[in-house]
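Student: Quick one: structure below, then a few questions.
Derivation of every value follows stated rules applied to the coordinates shown; laboratory data play no part. For clarity, every value in this text was computed on a predicted model and none was experimentally measured. With ideal geometry, Cβ positions are generated from the backbone for all residues, glycine too; neighbour counts draw on all protein chains shown.
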Amino acid sequence: MSSLQLLPPSLPAIRSNRRLRASPSQTAAPSAPPDASRLEPRVEERDGYWVLKEEFRQGINPQEKVKLEKEPMKLVLERGIDELAAIPFKEIESSKLTKDDIDVRLKWLGLFHRRKHQYGRFMMRLKLPNGVTTSEQTRYLGIVVLSYGEHGCADVTTRQNWQIRGVELPHVPEILDGLDRVGLTSLQSGMDNVRNPVGNPLAGIDPHEIVDTRPYTNLLSQFITANGRGNTDFTNLPRKWNVCVVGSHDLFEHPHINDLAYMPAMKNGRFGFNLLVGGFFSPKRCAEAVPLDVWVPGEDVVPVCKAVLEAYRDLGTRGNRQKTRMMWLIDELGIEGFRSEVVKRMPGQELERSSEDMVQKQWERRDYLGVHPQKQAGLSFVGIHVPVGRVQAQDMIELARLADEYGSGELRLTVEQNIIIPNVKNSQLEALLREPLLKERFSPEPAILMKGLVACTGNQFCGQAIIETKARALQVTEEVQKRVALEHPVRMHWTGCPNTCGQVQVADIGFMGCMTRDKNGKVCEGVDVYLGGRIGSDSHLGDLFKKGVPCNDLVPLVVDILIEQFGAVPREMEEEDGEHEGGN
């Protein structure tokens, strides 16, 4: 069945107000519910905002106190940014309230003050559902970054998103107006909000896709942000919350590390989704998402998202910040208890038990880098490698030109921090591949170890990162490639701290920043090394392999790991027997 047939005919009118009721259980008896007092909602609606009730304020974490002192969304919705941007930065520091504005509350507007490494400058995170962006949007962001000279750059993130750096507060009102003109928003992209909805980067162009995820991710994003106006029903969650919609057998979307993942599934001739819930990473715990035993028709993607979010918002604890992600609530209630809370918030319609996923379990994950034919005759997409996701202003402006000149004015971002140019006429492929940007910086055919290389921001900008990641990831990988040859890619992820934005637990080899001691006992930057992360239908989080490895000692260790566990061949052996050519 084609993907077009799988889309529900009434998709634009997805139900947002229908309610669900539980059907008789078809599985084991549900676990005993927790104490009834525990199920009392911790928050209540006041004047359009959700706030923590008085009786639950004992022992809350500092971030919750900041939200109580001043509602962050008021700063956003009442355009308080204009007034704040007009205050000299040093005067802002003189008041705790305005200092908390720039360090905490502005994250509701996607603005992150880089106090430690770029004092007075901000990173701005956008909303880019499904990673789809236009040449006009990319060009505008590039022009903004260009205005900040050496302080400005951009990153492709592990949630198919843009982050731009170097932003100064006085310019923010003008930047926001520009975002609005090109159809972008940064609203609700930080702190205790729903992050960018992830989908298949090949949605709508992939000959083998199960379903086009773009309509669903767009609707979810529109719902979460109230079409960019701000949805205060979901701006006071206990912590951040991730969502994805799967559209491919390849599981490019990494559903098992999302708080809510929609897995395509047919039931009684109808297209819909099974639900996974609770996947997350944190310094204290990492967990894979688990089945909720729920199937919903395609048109109910939004209402079930609403119900899950309400359950988390209402019942999640707000004490120890490391125990406030949704999986902690699921653990406390039990999966059936959590399911019943979702059911309570969707009365009026039968909530069906899960069906069989449509994802083929034995599917070999494809490489989207390089040139590939689309489902549309005469067109191809070109996946280009962006080393560790770092993009300069001129790169963005040039990418916009290439999308206009060779494609349809569209770019796709991926969770591996790469970019896809879709809708290229086959007659223009050779000319595109000859473009200097693709020959010199963003190759469609990178070296084999570069293909799966991912790195978080690192301590160049991020105040929480313990080590530098991006430049070091490239340096170590380049050195390793000189020493070994491989026939198959190995995914290596770097993260600067235990918050694991670089998602080291899903990598074949992961490097998590730490401080350690070198052979002379001197304190130095190091990593904890993880092995065995898998993505796809047999997903598995990696395990700690070795702690506290000095970064300067990494190259020989990685070489040994690649030879012993991934079939790499030392370069000198390769040259002697000639059996392995190129190594890339």
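Student: Just in the stretch 258-338: which trypsin sites (Lys or Arg not before Pro) are loop by DSSP and have at most 15 other Cβ atoms within 10 Å? Please report the intermediate quantities before stating the final value.
Tutor: Working: sites: 267, 270, 284, 285, 306, 313, 318, 321, 323, 325; in loops: 284, 285, 318, 325.
Those that pass, being in a loop and sparsely packed, are 284, 285.
Student: Ranking 355, 380 by Cβ neighbours within 10 Å, fewest first, what do you get? Numbers along the way, then the final one.
Tutor: Working: 355 18, 380 21.
With the sparsest Cβ surroundings first, the list reads 355, 380.
Student: Lysines within cross-link reach of residue 451: Cα-Cα under 20 Å, excluding same-chain residues under 8 positions apart?
Tutor: Once the sequence-local lysines are set aside, what remains near residue 451 is 439, 470, 482.
Student: Calculate the dipole size of the chain relative to its Cα centre from +1 charges on Lys and Arg beta carbons and -1 charges on Asp and Glu beta carbons; express the result in debye to the nearest 20. List each step's numbers first, then the result.
Tutor: Details: 72 positive and 79 negative charges, 355 e Å.
Computed about the Cα centre, the dipole is about 1700 debye.
Student: Charges at C-beta only: +1 for Lys and Arg, -1 for Asp and Glu. How large is the resulting dipole of the stretch 300-368 about its Cα centre, in Debye rounded to 20? Don't jump to the answer; show the numbers that get you there.
Tutor: On the way: 13 positive and 13 negative charges, 88 e Å.
My answer is approximately 420 debye.
Student: So, one more: Please state the shape class of the stretch 149-292: rounded when a/c is under 1.5, otherwise prolate if a/b exceeds b/c and oblate if not, all from the C-alpha gyration tensor.
Tutor: Numbers: a/c = 1.84, a/b = 1.58, b/c = 1.16.
In terms of gyration-tensor shape, prolate.
Student: Show me 224-233, 356-365 ranked by packing, highest mean number of other Cβ atoms within 10 Å first. Walk me through the numbers on the way to the answer.
Tutor: Details: 224-233: 18.0, 356-365: 13.6.
Answer by packing, highest mean first, reads 224-233, 356-365.
Student: What's the exposure ranking of 46, 339, going from fewest to most Cβ atoms within 10 Å?
Tutor: Working: 46 10, 339 24.
Going from least to most buried by this count: 46, 339.
Student: Which FRET efficiency value, to the nearest 0.05, do you get for residue 361 and residue 478 by plugging their Cβ-Cβ distance into 1/(1 + (r/R0)^6) with R0 = 25 Å? Kindly include the intermediate steps, with their values, before the conclusion.
Tutor: Values: r = 36 Å, r/R0 = 1.43.
Rounded to the nearest 0.05, the efficiency is 0.10.
Student: Indicate, rounded to the nearest 5 percent, the antiparallel portion of the DSSP beta bridges found entirely in the chain.
Tutor: Values: 67 of 81 bridges.
The antiparallel proportion sits near 85 percent.
Student: Can I ask one more? FRET efficiency for residue 445 and residue 350, Cβ-Cβ distance as r, R0 = 41 Å, nearest 0.05? Walk me through the numbers before you get to the answer.
Tutor: Working: r = 51 Å, r/R0 = 1.24.
Approximately 0.20, to the nearest 0.05.
Student: Taking square-rooted eigenvalues a ≥ b ≥ c of the alpha carbon gyration tensor, is the stretch 35-118 rounded, prolate or oblate, where a/c under 1.5 means rounded and, failing that, a/b exceeding b/c means prolate? Can you show the working numbers first?
Tutor: Values: a/c = 2.74, a/b = 1.99, b/c = 1.38.
Prolate, because a/c is 1.5 or more and a/b exceeds b/c.
Student: Could you work out the relative contact order of the chain, using alpha carbon pairs under 8 angstrom and six or more residues apart, expressed as a whole percent?
Tutor: On the way: 1304 pairs, mean separation 82.5, N = 584.
Here the relative contact order equals 14 percent.
Student: Right, here's the next one. Obtain the nm distance between the two label points defined at residue 553 and residue 523 by a simple spin-label model: each point lies 7 Å from its Cα along the Cα-to-C-beta direction.
Tutor: Output for this residue pair reads 1.8 nm.
Student: Work out the length of the dipole vector of the stretch 453-577 about its Cα centre, built from +1 on the beta-carbon of each Lys and Arg and -1 on the beta-carbon of each Asp and Glu, and round it to the nearest 20 debye. List each step's numbers first, then the result.
Tutor: Values: 12 positive and 18 negative charges, 140 e Å.
That gives a dipole near 680 debye.
Student: Related question: How would you classify the stretch 453-577 from its alpha-carbon gyration tensor, with a ≥ b ≥ c the square roots of the eigenvalues: rounded for a/c under 1.5, else prolate if a/b is greater than b/c, otherwise oblate?
Tutor: It is oblate, given that a/c is not under 1.5 and a/b is not larger than b/c.
Student: Express in % the proportion of alpha carbon pairs of the chain at distances exceeding 37 Å. List each step's numbers first, then the result.
Tutor: Working: 55513 of 170236 pairs.
Every Cα pair in the chain considered, those over 37 Å come to 33 percent.
Student: Taking the Cα centre of the chain as the origin and placing charges on Cβ (Lys, Arg +1; Asp, Glu -1), which of 76, 413, 249 is farthest toward the positive end of the dipole?
Tutor: Going by the charge dipole, the pick is 76.
Student: Of 531, 497, 511, which is farthest towards the positive pole of the stretch 453-577's charge dipole, taken about the Cα centre with +1 and -1 on the beta-carbons of Lys, Arg and Asp, Glu respectively?
Tutor: It is 497, whose Cα lies furthest towards the positive end.
Student: If packing is taken as the average count of other Cβ atoms within 10 Å, what order do 145-153, 252-260 fall into, highest mean first?
Tutor: Details: 145-153: 15.9, 252-260: 26.1.
Order by mean packing, descending: 252-260, 145-153.
Student: I'd like to compare 236-248, 400-412: which one has the highest average count of other Cβ atoms within 10 Å, and what's the full order after that? Walk me through the numbers on the way to the answer.
Tutor: Numbers: 236-248: 25.9, 400-412: 19.4.
Highest-to-lowest ranking by the protection proxy: 236-248, 400-412.
Student: Using 1/(1 + (r/R0)^6) with R0 = 60 angstrom and r between the beta carbons of residue 51 and residue 571, what's the FRET efficiency to the nearest 0.05?
Tutor: 0.45
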